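Presented below is the structure to which this report refers.
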Amino acid sequence: MAKTYGIEVDCANCANKMEQAAKATAGVADCNVNFMALKMNVVFEEGVDELEVMKEVRSNCRKVEDDCEVYI
C-alpha cells in the first residue's frame, strides 16, 4: 500500500536525506520525496502497521535533518 504525506523541509539536499532515511526504515518498501510539492510518497511492506512505521520514519528523518517535519 502507498500513501502520501505532507512534509516540511528547507532544501532539496535535506529532502534527499529524508528520502534515504525513510527508505532505510523497517516496513518501508520504497519512498520518494518531492521537495517542490513538499510531499513524501511511501510504499509500505505488506502487513505492517503504517502509523507505527511512519512514527519511525519521522524519527529517522529527524536524525538526519533535525528541523524537518513529516505530517502523519
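Just so you know, all these numbers are worked out from the coordinates, no wet-lab data involved. All of these numbers come straight from a predicted model, not from anything done at the bench. Please note: Cβ atoms are built from the backbone with ideal geometry, for glycine as well, and neighbour counts cover all protein chains shown.
The table below gives the values:
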| read-out | value |
| --- | --- |
| Long-range amide H partners of CYS31 with built H, under 5 Å | VAL43 |
| Calculated over the chain: convex hull of Cα atoms, volume per residue (Å³) | 64 Å³ |
| Ranking of GLU46, GLU69 by count of other Cβ atoms within 10 Å, fewest first | GLU46, GLU69 |
| Förster radius 22 Å - calculated FRET efficiency between MET1 and LYS55 (Cβ-Cβ, nearest 0.05) | 0.85 |
